[in-house]
Amino acid sequence: MLRIGLGRDLHRLLPGRRFLLGGVELPSPVGEQGHSDGDALVHALIDALLGAAGLGDIGELFPPNESAWQDADSLRLLAIAFGKVKAAGWSIVNIDAVVTCEAPKLLPHRATICASLASTLELPIDAVFVKGKTNEGCDTLGEGRAVEALVVCLLKQD
Ligand code: MG
């Protein structure tokens, strides 16, 4: 059986925060605001994984009002979510993602980001792909005040 999941996340960008995507820190004067480390790509991926497996969503698994998740490393949250998905008998076929922000450019960091996610999810590197887009100067994303991630994930169960 195959099942697909979709995840989406958006974080405000503020000075004094780290800009993390897929557990990789990108050079930037601003970074993601958030209860955890704010990694929008990882958060959207967690929702895609959980959604595909029928295991709820990131807010249920890691409630934002719980101090345990304050400044949490999002890759650790991803590993926990992946553990639940694996325990339910699912394996990941592939992951595809779009990250939208005006800056910084993703392309120089894309291979590192894909490798980081593939390593956490025990996948070959070619099973994870991340595309960087701008919002052409439009709206909050285009003004550089936020970053958005969209992720789809395909799971299989034998
Ligand atoms: Mg988030």
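Summary of values
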| read-out | value |
| --- | --- |
| Residue order for Val152, Val42 - accessible surface, 1.4 angstrom probe, largest first | Val152, Val42 |
| Helical contribution to [θ] at 222 nm, DSSP H n ≥ 4, -39,500 (n - 2.57), averaged over the chain, rounded to 500 | -8500 deg cm²/dmol |
| About the Cα centre, charge dipole magnitude for the chain (Lys/Arg +1, Asp/Glu -1 at Cβ), debye | 240 |
| 0 to 90° range, to nearest 10: angle between helix 40-53 axis and the chain longest Cα axis | 20 |
| The chain, relative contact order [Cα under 8 Å, separation at least 6], % | 34 |
| Residue among Pro108, Ala72, Ala88 farthest towards the positive dipole end of the stretch 2-157, charges placed on Cβ | Ala88 |
| FRET efficiency for Phe129 and Ala103, using Cβ-Cβ distance with R0 set to 22 Å, rounded to 0.05 | 0.55 |
| Cα long-axis angle, helix 74-87 against the chain (0 to 90 degrees, to the nearest 10) | 20 |
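The values are calculated or read from the model by the stated rules, or taken from the named source; none is laboratory data. Just so it is clear, the model here is predicted, and its values are computed rather than measured. Note that we place each Cβ from the backbone using ideal geometry, even for glycine, and neighbour counts take in every protein chain shown. Each accessible area value is taken on the protein alone, full model and side chains, heavy atoms only, with ligands, DNA and RNA left out. Shrake-Rupley method; radii C 1.70, N 1.55, O 1.52, S 1.80 Å.
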